[in-house]
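Report on one structure; see the data block that follows.
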Amino acid sequence: MGKYILAIDQGTTGTTAMVFDTALQSKGKATIEFPQYFPVPGQVEHDLAEIWNTVGLAVNQALAEGGVRPTEIAAIGITNQRETTCLWHRDRAGTPVGRAIVWQDRRTAADCEKLKQRKLAPWVHKKTGLFLDPYFSATKIAWMLRNLSGVRRLAESGKIAFGTIDSYLLYRITGKHRTDVTNASRTLLMNIKSCEWDKDLLKLFKVPEALLPEIFPSSVEYGTTRGFLNFPDGVPVTGLIGDQQAALFGQACFSRGSSKCTYGTGAFAMLNTGPKPIFSKNKMVTTVAWKLGGKPQYALEGSAFIAGAGVQWLRDGLGILESSSQVEELALSVDSSGGVLFVPALAGLGAPHWIPSGTGMI
């Protein structure tokens, strides 16, 4: 029996791997960044092969830093950037079908607007707890099925798979096509009360059910390693959970009314609302916080799409930083901004406005 836990955090701009001992003390950690692709303004894509490569590099470096052998790992947990939409062939290598469409991507804003004009937004919100916004996965899946040659035929015949990043990594590590309830709750395809794929929503977005992973609680045995790096076959993957829900749990917000706000690529405030979904009057998202055993725990969430990504833009886009760590020193070097404000709506505006066409302004 292994004595360490491997955690993989696959984020929007990088992949982090950490190794913990049984006292939950970190033994090794590594983060590997990967490229962002912007085909046109408002579109953001990731290369799944590059993401998979960063997973291998980060895991191997974290193990090496901790002096831990793969044979000493008892279990693996995965947390991930949510909503990012992946399609892949059901072969052993999980060969990607095009690039993944990232949660920040705005290309389906017009599709969402057409559905709003049909007065479908309240119905969708009641079923899913979400809003008709390109942030979520369903319209991204529909776009890929519509625009990638031959993909709909492959989807309907069950030859390709859809998943968020957790599901893709699980497939590559174990060969199983599964997801957890927190990630499924961000697709616009899961019924927020039953925690199952909703046939009415699948029909609305024209998504074949054969494309979808099985939905599981947030902590079960999802599968075991099969040809993963230098790991022996049979190491169980026992945790899948979306990154913000993982942060809520990690900050010990176990009781109703407890909340957190974390700052990564975006900033996300999340409030534990207990065992029943509560629907916001102020355009907060209703989501599953986690499911351990029988009943799910729910949360309200306010999403600001750009936080740390704004710092990255100052570094890579505007070129006024050499490294992200310089931003604090630069900010403190002046007494005032002189009335100049930067609105970092580089991926539209999230809660409470939900304006996909919102843009950055100075």
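The values are calculated or read from the model by the stated rules, or taken from the named source; none is laboratory data. Treat the numbers as computed from the prediction; the structure is a model and nothing was measured. As a convention, Cβ positions derive from the backbone with ideal geometry for all residues, glycine included, and neighbour counts pool all protein chains shown. For the accessible areas, the whole protein counts, side chains as well, though only heavy atoms, and no ligand, DNA or RNA atoms are used. Shrake-Rupley method; radii C 1.70, N 1.55, O 1.52, S 1.80 Å.
I'd like the accessible area for CYS253, computed on protein heavy atoms only with a 1.4 Å probe and all protein chains in place. Round to 10 Å², please.
Result for CYS253: roughly 10 Å² accessible.
Gain in length, ALA23 to SER323, computed as 0.36 nm per residue apart minus the alpha-carbon separation, to one decimal in nm? Before the final figure, lay out the partial values.
Values: separation 300, 0.36 × 300 = 108.00 nm, distance 3.38 nm.
Length gained, ALA23 through SER323: 104.6 nm.
VAL235: net charge of surrounding residues, Cβ under 15 Å, Lys/Arg +1, Asp/Glu -1, itself excluded?
Neighbour charge sum, excluding VAL235 itself: +2.
Report D for segment 298-345 in µm² per second (integer): Stokes-Einstein, Kirkwood Rh on Cα pairs, 37 °C, 0.692 mPa s.
262 µm²/s
Ignoring everything but the protein chains, give the 1.4 Å probe accessible area of MET284 in square angstrom, nearest 10.
Accessible surface of MET284 is approximately 50 Å².
What percent does the relative contact order of the chain come to when contacts are Cα pairs within less than 8 Å and at least six residues apart?
13 percent
Rounded, prolate or oblate: which fits segment 228-360, taking a ≥ b ≥ c as square roots of the Cα gyration tensor eigenvalues, rounded meaning a/c under 1.5, else prolate when a/b beats b/c?
Values: a/c = 2.37, a/b = 1.43, b/c = 1.66.
Oblate is the answer for segment 228-360, as a/c is 1.5 or above yet b/c matches or exceeds a/b.
Could you give the longest part of the chain that holds none of the chymotrypsin sites (Phe, Trp or Tyr not before Pro) found in DSSP loops with at most 13 neighbouring Cβ atoms within 10 Å?
1-253
Over the Cα atoms of the chain, compute the convex hull volume and normalise it per residue, giving Å³.
Values: hull volume 53.2 nm³, N = 362.
Dividing the Cα hull volume of the chain by its residues yields 147 Å³.
Looking at segment 1-34, which trypsin sites (Lys or Arg not before Pro) are DSSP coil and have at most 13 other C-beta atoms within 10 Å of their C-beta?
Qualifying residues, ordered by number: LYS3.
Among DSSP bridges having both ends in segment 1-124, what percentage is antiparallel? Round to the nearest 5.
Values: 19 of 26 bridges.
Rounded to the nearest five, the antiparallel share is 75 percent.
Under a crude label model (7 Å from the Cα following the beta-carbon direction), how far is GLN36 from LYS193 in nanometres?
Spacing of the two 7 Å Cα→Cβ label points: 3.9 nm.
In the structure shown, do any of LYS176/LYS276; LYS119/LYS281; LYS206/LYS291; LYS114/LYS281; LYS116/LYS291; LYS199/LYS260 have a Cα-Cα gap over 26 Å, and if so which?
LYS176/LYS276; LYS206/LYS291; LYS116/LYS291; LYS199/LYS260
Sorted by accessible area with a 1.4 angstrom probe, largest first, how do ASP316, ASP9, ASP243 fall?
The residues order as ASP316, ASP9, ASP243, largest area first.
Would you mind telling me which residue in LEU132, LEU188, LEU229 has the biggest mean-square fluctuation in a Gaussian network model of the chain, where springs connect alpha carbons within a distance under 10 angstrom?
Checking each option, the largest mean-square fluctuation is seen for LEU229.
Could you tell me which trypsin sites (Lys or Arg not before Pro) in segment 260-362 are loop residues by DSSP with no more than 12 other beta carbons within 10 angstrom of their beta carbon?
LYS281
Any chance you could tell me what percent of the C-alpha pair distances in segment 160-254 go past 23 Å?
Considering segment 160-254, 29 percent of its Cα-Cα pairs are separated by more than 23 Å.
Suppose R0 equals 51 Å; then what is the FRET efficiency for ARG90 and ILE362 from their Cβ-Cβ distance, rounded to the nearest 0.05?
Values: r = 47 Å, r/R0 = 0.92.
That pair, ARG90 with ILE362, gives E of 0.60.
Using a 1.4 Å probe, what is the accessible area per residue for segment 1-125, in Å²?
Here the per-residue accessible area is 44 Å².
What part of the accessible area of the chain, given as a whole %, is carbon or sulfur when the probe is 1.4 angstrom?
Taking all protein chains in place, the chain shows 54 percent carbon and sulfur surface.
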